[in-house]
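J.: Below is one structure. I have some questions about it.
Rule-based calculations on the coordinates, nothing more; no lab input. Please read all numbers here as calculations on a predicted model, not as lab measurements. FYI the Cβ positions are ideal-geometry reconstructions off the backbone, even for glycines, and counts take in every protein chain you see.
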Number of protein chains: 2
Amino acid sequence: MGTPSTPTVYDVAERAGVSIATVSRVYRNPDSVRATTRDKVLEAARALGYVPSGSARGLASRATGVLGLCFPDYSDPDAETEALAADADDDHAFMLYSDQIIRGMERASRRHGYALLIAASLKGGPESLVAKVAGRVDGFAVMAGTVPTDDLEVISRRLPVVMLAGPRGIDHLDHVEVANADGQRELTRHLIEDHGLRRLAFVSGPPNSPDAEARFHGYAEACRAAGLPVPAEPDVRTVMMTQAEGAQAAEELLARTGTVAGAGTHERPEAMVFANDQMAVGALHTLERSGVRVPQDVAVTGFDGIPLSRLVRPTLTTVRQPMRDMGERAVELLLRRIDATEPGHEEPQSVVLPVTLAYRQSCGCG
Amino acid sequence: MGTPSTPTVYDVAERAGVSIATVSRVYRNPDSVRATTRDKVLEAARALGYVPSGSARGLASRATGVLGLCFPDYSDPDAETEALAADADDDHAFMLYSDQIIRGMERASRRHGYALLIAASLKGGPESLVAKVAGRVDGFAVMAGTVPTDDLEVISRRLPVVMLAGPRGIDHLDHVEVANADGQRELTRHLIEDHGLRRLAFVSGPPNSPDAEARFHGYAEACRAAGLPVPAEPDVRTVMMTQAEGAQAAEELLARTGTVAGAGTHERPEAMVFANDQMAVGALHTLERSGVRVPQDVAVTGFDGIPLSRLVRPTLTTVRQPMRDMGERAVELLLRRIDATEPGHEEPQSVVLPVTLAYRQSCGCG
DNA sequence: ACTTTGCCTGGGAACGTTCCCACCCGTAGA
DNA sequence: TCTACGGGTGGGAACGTTCCCAGGCAAAGT
């Protein structure tokens, strides 16, 4: 009694001389309360320092008004390396994917009256992360590889989940991705047809990276379309797709140059096509050190369109991904499910966002 | 009852043949339950697709495990203008302040086992924003000018609130800010002493911007220290501190050059000191168009250290703010309050983060 | 064989809202 | 004057957890 640590509807009701139902109404549906009563309540609330409990409300109304986003741990291995092309302590000026997606989701959420709960996966306890978010939102988006599939399977039975940029993994989930194959195909076509390059090499990531795989397929398709030999496998595969690995991959490709046992002469590729910008940037450094000129001696391309791609010299030809749109679309998909008043489970929807090409110096354009 | 839309502890308990208390224990304190029992429960939960309700938990335990952040609406007037120095559709590659603070807070929150709830203030309903967040978190940070002071006053009586980068407004709040005056003073000293400039002009924002005011004070102090006339007011004031206004301010300063009625000859300033980077960048454009060379004819400096400041030509000398640290410190302050087991209200704490100077081309360095 | 000591587990009261229902009462229609 | 109607309000049952308190029971101590 008296003044408990945090005032509740009861306290406000008592002070205003009304029932708790009326207090609730004042906040939920102001128009249904007579003006004078409303003012009394508001005044009491102000005096008491009353703030409605989101938890209690969420419990009673079975809706939180919050959307969630789970993304991978920020600190990627390149976090520091990235800085080498810029002021040392300025690297945090660049946005990561997650930042852009956050921005997109935040915008869209806000527009629809939702708040956004974000949580990066902690290597430690996977369960803790999801559990924390899942129980607290009306629906959420997951960046690929953030949440164990098993957990996702369970959770997605209870609330809307949309998968971002990944393999759809669980087949009944909505998901949003970018046109990886299309982008890579077009970029490759550009190298072949517009620049007349013939000997290409593709550097990919691990086989379990759906993005990298899709890009490789686009690359292979372009080769087939141009009548070039169609590779069954990427020329090089890396594990983490980092700058360091990209540098190493470039080295390896250069090393293969020359005579190769049984295969006759192996000429240096005219273009190194990387599955992401990070690797391409790493390669750029290696090539420069080796005295190989880009793009005169060899063209280099990336994928993603990270800010660094434009700062590096030569500027990197790449494929830009609309990460922000991705966030926005994710929200739309979630809301569609949430608003669907629980009736027929609609077909899982899959959105593929178009990418845009950035032709810059490293391929001979710009 | 059969299979209600969403399973609860009761359903799990029933299926596992235990009490709801045990189910709860399995999630909250696994070690307190015998292994075999635990497995039964987990198995039942999995089968049912059970996800603990965050709302219910929050209600019962009076803690949400979530920290909040309210920040101003993203879409600033310069959003598009910014792009003019870069690829047209690439402007979203740059981080805004809010992004960096989000990143900082997210990192720190995660480290301490909290999730982050973010919400930008919607011009429309101010109440709705805060109410939504406030009731749902254990404490939150507010960027200056995002939440009406009255609301803040009420809310801060109920849970920890820390003010970011603003006037502390309400005096019992913790707050975090950067050393605006120090940075501007040092930068100004640099112009005067290291470059030997004498005629400086300061372009500030509106009087109600505490940041801009603090910077002006630092500027004035440096003038006094150098024995130069101490300005009582900035030479120019803008309203929104945008690029456009910066450009206009530069024009105005140039226009003042020449004979001024009654004031004798008014020489062109040797340095234009802007209270933020946005305005400085705008000025750079104007000066270039006017054929005024930077830094030969006039030095230009900004404040903030936005990514654009390094991309623009000449590169902009500025003061970098550690926005990310700001987010981290904010979290620390919040946790301190939260963990304080409600006893003596500690003194409100005020953290001032040091800034770092970036001497670049626009002042004659770099 | 009889306590004592703990480990596990079950009971049940909060936690602070929302929302359906019922109730009161003044006004308009008959 | 009586009935219908409807805006405004109060009562009280959920909502799904957590957590304190007991109680049961087996292993260990006397």
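J.: In terms of the Cα gyration tensor, with a ≥ b ≥ c the square roots of its eigenvalues, is segment A:9-61 rounded because a/c is under 1.5, prolate because a/b exceeds b/c, or oblate?
T.: Taking the square roots of the gyration eigenvalues as a ≥ b ≥ c, segment A:9-61 is oblate.
J.: Something else now. I need to check one value: relative contact order of segment A:9-61, counting alpha carbon pairs closer than 8 Å and at least 6 residues apart, in percent.
T.: For segment A:9-61, the relative contact order is 36 percent.
J.: Could you identify which residue out of A:Ala13, A:Ala247, A:Ala340 has the top mean-square fluctuation in a GNM of chain A using Cα springs shorter than 10 Å?
T.: Result for chain A, Cα springs under 10 Å: A:Ala13 fluctuates most.
J.: Can you compute the modelled spin-label distance between A:Arg62 and B:His217, with each label point 7 Å from Cα toward Cβ, in nm?
T.: Calculated label separation equals 5.5 nm.
J.: In what order do B:Val294, B:Val300 fall by count of nearby beta-carbon atoms within 10 Å, going from fewest to most? Let's see the in-between values first.
T.: On the way: B:Val294 22, B:Val300 28.
Ordered by Cβ neighbours within 10 Å, fewest first: B:Val294, B:Val300.
J.: By how many degrees, between 0 and 90 and to the nearest 10, does the Cα long axis of helix A:277-289 differ from the longest principal axis of chain A?
T.: Compared with the principal axis, the helix lies near 40 degrees.
J.: Calculate how steeply helix A:210-225 sits against the longest principal axis of the alpha-carbon atoms of chain A, using the helix alpha-carbon long axis, and give the answer as 0 to 90 degrees to the nearest 10.
T.: The helix A:210-225 is inclined about 40 degrees to chain A.
J.: Just checking the output field for B:111-118: average partner chain Cβ neighbours within 10 Å of each residue's Cβ?
T.: Average neighbour count from other chains, rounded to a whole number: 6.
J.: Now for a separate question. Tell me which GluC sites (Glu not before Pro) from segment B:299-365 have a DSSP coil assignment and no more than 15 other beta carbons within 10 Å of their own.
T.: Hits after loop and neighbour filter: B:Glu346.
J.: Just rank A:Asp211, A:Asp39, A:Asp325, fewest to most, by other beta-carbon atoms within 10 angstrom.
T.: Arranged by neighbour count, lowest to highest, A:Asp211, A:Asp39, A:Asp325 become A:Asp39, A:Asp325, A:Asp211.
J.: So, one more: Report, in degrees rounded to the nearest 10, the 0 to 90 angle that the Cα long axis of helix A:35-48 makes with the longest principal axis of chain A.
T.: 70 degrees
J.: With each label point set 7 Å from Cα along the Cα-Cβ vector, what nm distance links A:Thr6 and A:Glu288?
T.: For A:Thr6 paired with A:Glu288, the spin-label model returns 5.4 nm.
J.: Check which residues have an amide H placed less than 5 Å from B:Ser350's amide H, if you skip close sequence neighbours.
T.: Long-range HN contacts for B:Ser350: B:His175.
J.: Take A:Phe202, B:Phe274 and order them by how many other Cβ atoms sit within 10 Å, fewest up front.
T.: So the residues, fewest neighbours to most, are A:Phe202, B:Phe274.
J.: Can you pull the mean other chain C-beta count within 10 Å for peptide A:131-142?
T.: The mean count of partner-chain Cβ atoms within 10 Å per residue comes to 4.
J.: Consider all pairwise Cα distances in the protein assembly as shown and report the whole-number % of them above 39 Å.
T.: Counting pairs separated by more than 39 Å, the tail of P(r) holds 45 percent.
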